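Participant: Have a look at this one before I ask anything.
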Ligand SMILES: [Zn+2]
Ligand SMILES: [Zn+2]
């Protein structure tokens, strides 16, 4: 790599990280941060706190903690990982869509009744939302249950304070697993609906902002990684994961381990018996408990999972 290429990579990485704030597909898009702030104000207003709103929401202990600094570094670091190791493979989603469409066409021919453009977009959006969410629940579930994978997922749980950037606090190995999952689900679902619509739709129309994602992101998704206890009415928490339910997922109390692993939907947790409702929990503290000391720097978060995974595979405790 020449000096110029290194410089270009550095520039692209920083640009990519900062572009998250102006990208409607990203959770920390300024509009979603704004709507989350309004919801946080509602919680603040109802809780009769003696401190000012600004002090409540931008508390130094949270935004300037060592844990938060690691989040900020990781958002940049993972942008480079994305540029180098993930971006070149995103095209495989389209290859997979193409081959899924070809496979179905060659084996079954086009169906006599095809979906209209409107029906395709409607059902495609619903299917993609549900399949993506179930797949992310399943990978998340496996990361908690399989000791080898848990070591990498620990990085997300090693956050002892939560802020919206904690969403991106992932070990690069987990980042790669999540992206492979996304590519596979996107490719197969897109190919399937392209087939059902008799290849009428330009695949690029499939890439617009999904209306369900928009609703999820607009209504407080950023509060999931925060200290603001935003809860939904109990009946709704059986269907959708509220921000507070995700905070329970980050709890360092053993009773909350491996609970509320859903992304948007709580349904999967309900089905798998891992659902915890907000009303049953009073106070929370975050992190890994005893293990926090092994994850209190950026570098430890990078190499410790490999040490842990080696031990998990070879069953060594020393
Ligand atoms: Zn988790
Ligand atoms: Zn989280």
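The values are calculated or read from the model by the stated rules, or taken from the named source; none is laboratory data. Treat the numbers as computed from the prediction; the structure is a model and nothing was measured. For neighbour counting, all protein chains shown are included, and Cβ atoms are generated from backbone atoms with ideal geometry for every residue, glycine included.
Participant: Just name the residue that is surrounded by the most Cβ atoms within 10 Å (Cβ to Cβ) out of those in the range 164-198 that are at pLDDT 95 or above and not in a helix (DSSP H, G or I).
Facilitator: Checking each candidate, the answer is 169.
Participant: Next question. Which residues, counting only those in the range 40-61, are buried (at least 16 other Cβ atoms within 10 Å of the Cβ) and closer than 21 Å to residue 250 by Cα?
Facilitator: Scanning the range 40-61 gives 40, 43, 56, 57.
Participant: Can you work out which of the residues in the range 251-273 that are within 12 Å of ligand 1 (Cβ to nearest atom) and within 30 Å of residue 127 (Cβ to Cβ) is nearest to the chain's Cα centre (by Cα)?
Facilitator: Across the range 251-273, the extreme among qualifying residues is 263.
Participant: Additional query: How about the range 237-277: which of its residues are away from ligand 2 (no atom under 13 Å from the Cβ), assigned to a helix (DSSP H, G or I) and under 21 Å from residue 150 (Cα atoms)?
Facilitator: Within the range 237-277, 254, 255, 268, 269, 272 meet the criteria.
Participant: Quick check on this structure: which one of 28, 57, 43 is touching a residue at least 60 places away in the same chain (Cβ under 8 Å) and within 17 Å of the chain's Cα centre (by Cα)?
Facilitator: 28
Participant: Taking residue 18 as the residue in question, decide whether it is modelled with pLDDT of 80 or more and closer than 25 Å to residue 83 by Cα.
Facilitator: no
Participant: Note down all Cβ pairs under 6 Å where the first residue falls in the range 242-271 and is free of Cβ contacts under 8 Å to residues at least 60 places away in the same chain and within 15 Å of residue 131 (Cα to Cα), the second is within 13 Å of ligand 1 (Cβ to nearest atom) and not in a helix (DSSP H, G or I), and they're at least six residues apart or on different chains.
Facilitator: As it stands, the answer is 266/241, since those pairs meet every condition given.
Participant: Please find, among 132, 163, the residue that is touching a residue at least 24 places away in the same chain (Cβ under 8 Å) and under 30 Å from residue 63 (Cβ atoms).
Facilitator: Being touching a residue at least 24 places away in the same chain (Cβ under 8 Å) and under 30 Å from residue 63 (Cβ atoms) holds for just one of 132, 163, which is 163.
Participant: Taking the stated definitions as given, is residue 123 away from ligand 2 (no atom under 16 Å from the Cβ) and either touching a strand residue (DSSP E or B) at 6+ places or on another chain (Cβ under 9 Å) or assigned to a helix (DSSP H, G or I) (or both)?
Facilitator: yes
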